[in-house]
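A.B. asks: Before anything else, here's the structure in question.
The values are calculated or read from the model by the stated rules, or taken from the named source; none is laboratory data. Just so it is clear, the model here is predicted, and its values are computed rather than measured. Here Cβ is always computed from backbone atoms with ideal geometry, including for glycine, and neighbour counts include all displayed protein chains.
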Amino acid sequence: GAVVSQHPSWVICKSGTSVKIECRSLDFQATTMFWYRQFPKQSLMLMATSNEGSKATYEQGVEKDKFLINHASLTLSTLTVTSAHPEDSSFYICSARDLLAGRYEQYFGPGTRLTVT
Amino acid sequence: DAKTTQPPSMDCAEGRAANLPCNHSTISGNEYVYWYRQIHSQGPQYIIHGLKNNETNEMASLIITEDRKSSTLILPHATLRDTAVYYCIVRVNDYKLSFGAGTTVTVRA
């Protein structure tokens with residue numbers, strides 16, 4: 001149980017284009033999903049928190065107009081990197097909590113590696 | 001949030017127990033100790049969490065000192081697949097996890 005998937009697992013895009021990353025909870029309903037970013041040899045950094053049906057809460061320093069998050073259902077959250085630049089190249093990871101089951105631990109997706117050329 | 005201190009790295013032999021320490025001297029009474037690990041190029045994996053009692057599950061055991069200022073994650077029989085970065089995180093309820101540098105554990109045959 002508590003499986004989270006991400007799609008795509010890796011993507012290469014050209015500078016200036018937009019990329020959408022999907023995060024799905026496969027066997028539970030996720031009222032809250034989190035998006036993290038990890039640069040090489042660094043730890044994960046929380047970008048934003050999204051609650052189903054409401055606007056995402058972004059961490060300080062994260063541009064909400066550049067990283068668009070939509071959490072339209074209890075099993076799907078999407079992160080769109082708009083007008084991507086090479087410095088946006090990173091490992092993007094989502095996580096979800098199964099609060100309906102009373103479980104507070106986070107379950108992470110496998111990550112999406114974004115390379116912007 | 002209470003800050004945690006972990007050794008940057010440690011080696012252990014395959015088949016032996018791996019004991020990973022974590023100091024959290026400023027932990028508050030309602031904060032839990034969570035452990036996650038991240039295998040290279042994968043998303044983190046939840047291991048275990050506890051408040052003040054020792055906890056055990058199929059992956060590991062968590063030993064929390066009586067004063068709650070430190071804890072130890074125990075992998076009872078380390079395998080090569082346990083090579084990963086292990087993160088000790090102190091939070092009220094796992095919301096908005098803050099990942100530090102963690103401990104890079106290398107299990108050697």
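A.B. asks: Within region B:1-38, which residues are modelled with pLDDT under 95, among the hydrophobic types (A, V, I, L, M, F, W, C) and not in a strand (DSSP E or B)?
C.D. replies: If the condition is that a residue be modelled with pLDDT under 95, among the hydrophobic types (A, V, I, L, M, F, W, C) and not in a strand (DSSP E or B), then B:Ala2, B:Ile27 are the ones that fit.
A.B. asks: Going through region B:60-101 one residue at a time, which ones are in a loop (DSSP other than H, G, I, E, B), within 14 Å of chain A (Cβ to nearest Cβ) and modelled with pLDDT of 95 or more? Before the answer, list the steps.
C.D. replies: Within region B:60-101, the subset in a loop (DSSP other than H, G, I, E, B) is B:60, B:65-69, B:76-79, B:83, B:92-101.
Keeping just the survivors that are within 14 Å of chain A (Cβ to nearest Cβ) gives B:60, B:92-101.
If the condition is that a residue be in a loop (DSSP other than H, G, I, E, B), within 14 Å of chain A (Cβ to nearest Cβ) and modelled with pLDDT of 95 or more, then B:Ala60 is the only one that fits.
A.B. asks: Which residue, of A:Gln106, A:Gln38, A:Gln29, is out of contact with any strand residue (DSSP E or B) (no Cβ under 8 Å at 6 or more places or on another chain) and of a type outside the set (Asp, Glu)? Please lay out each step first, then the result.
C.D. replies: On the way: A:Gln106 fails: out of contact with any strand residue (DSSP E or B) (no Cβ under 8 Å at 6 or more places or on another chain); A:Gln38 fails: out of contact with any strand residue (DSSP E or B) (no Cβ under 8 Å at 6 or more places or on another chain).
Being out of contact with any strand residue (DSSP E or B) (no Cβ under 8 Å at 6 or more places or on another chain) and of a type outside the set (Asp, Glu) holds for just one of A:Gln106, A:Gln38, A:Gln29, which is A:Gln29.
A.B. asks: Continuing with the same structure: Any idea which residue in region A:77-94 is farthest from B:Arg37 (Cα to Cα), counting only those that are touching a residue at least 40 places away in the same chain (Cβ under 8 Å), crowded, with 16+ Cβ neighbours inside 10 Å and of a type outside the set (Phe, Trp, Tyr)? Quick ask: steps written out before the conclusion?
C.D. replies: Taking region A:77-94 as the starting set, the residues that turn out to be touching a residue at least 40 places away in the same chain (Cβ under 8 Å) are A:77-86, A:90-94.
Still in the list and also crowded, with 16+ Cβ neighbours inside 10 Å: A:77-79, A:81, A:84, A:90-94.
With of a type outside the set (Phe, Trp, Tyr) added as a condition, the list becomes A:77-79, A:81, A:84, A:90, A:93-94.
Details: A:Ser77: 23, A:Thr78: 24, A:Leu79: 24, A:Val81: 27, A:Ala84: 29, A:Ser90: 19, A:Ile93: 14, A:Cys94: 15 Å.
Filtering first and then ranking leaves A:Ala84.
A.B. asks: Another question, then. Condition test on A:Arg97, is it within 14 Å of another protein chain (Cβ to nearest Cβ), modelled with pLDDT under 90, in contact with a strand residue (DSSP E or B) (Cβ under 6 Å, 6 or more places away or on another chain) and under 21 Å from B:Tyr36 (Cα atoms)? Show your work before the answer.
C.D. replies: On the way: within 14 Å of another protein chain (Cβ to nearest Cβ): yes; modelled with pLDDT under 90: yes; in contact with a strand residue (DSSP E or B) (Cβ under 6 Å, 6 or more places away or on another chain): yes; under 21 Å from B:Tyr36 (Cα atoms): yes.
Here the answer is yes, as A:Arg97 does meet what is asked.
A.B. asks: Scan region A:51-72 for residues that are touching a Phe, Trp or Tyr at 6+ places or on another chain (Cβ under 7 Å) and assigned to a strand (DSSP E or B) and report the count. Spell out the reasoning first.
C.D. replies: Kept after step one, since they are touching a Phe, Trp or Tyr at 6+ places or on another chain (Cβ under 7 Å), are these residues of region A:51-72: A:64, A:69.
Applying the additional criterion that residues be assigned to a strand (DSSP E or B) yields A:69.
So the count comes out to 1.
A.B. asks: Given the condition in contact (Cβ under 8 Å) with a residue 24 or more places away in the chain, crowded, with 16+ Cβ neighbours inside 10 Å and aliphatic (A, V, I, L, M), answer yes or no: does some residue in region B:35-46 qualify?
C.D. replies: Scanning region B:35-46, I find no residue that is in contact (Cβ under 8 Å) with a residue 24 or more places away in the chain, crowded, with 16+ Cβ neighbours inside 10 Å and aliphatic (A, V, I, L, M), so the answer is no.
A.B. asks: Something else now. Just to verify a result, which residue in region B:8-34, among those that are within 14 Å of chain A (Cβ to nearest Cβ) and hydroxyl-bearing (Ser, Thr, Tyr), is surrounded by the most Cβ atoms within 10 Å (Cβ to Cβ)?
C.D. replies: Initial filter on region B:8-34 (within 14 Å of chain A (Cβ to nearest Cβ)): B:8-9, B:30-34.
So of that shortlist, the ones also hydroxyl-bearing (Ser, Thr, Tyr) come out as B:9, B:32, B:34.
Numbers: B:Ser9: 12, B:Tyr32: 18, B:Tyr34: 23.
The qualifying residue surrounded by the most Cβ atoms within 10 Å (Cβ to Cβ) is B:Tyr34.
A.B. asks: Please indicate, with yes or no, whether at least one residue in region A:70-89 is out of contact with any Asp or Glu (no Cβ under 9 Å at 6 or more places or on another chain) and within 12 Å of chain B (Cβ to nearest Cβ).
C.D. replies: no
A.B. asks: May I ask you to list the residues in region B:39-59 that are at the interface with chain A (Cβ under 8 Å from one of its Cβ atoms) and in a strand (DSSP E or B)? It would help to see each step written out before you state the result.
C.D. replies: Taking region B:39-59 and keeping what is at the interface with chain A (Cβ under 8 Å from one of its Cβ atoms), we get B:41-46, B:49.
B:Gln45, B:Tyr46, B:His49 - these are the residues of region B:39-59 that are at the interface with chain A (Cβ under 8 Å from one of its Cβ atoms) and in a strand (DSSP E or B).
A.B. asks: Another question, then. Determine the pairs where a residue that is polar (S, T, N, Q), located within region B:66-95, has a partner that is part of a helix (DSSP H, G or I) and at pLDDT below 95 with Cβ atoms under 9 Å apart, the partner being 6 or more residues away or on another chain.
C.D. replies: none
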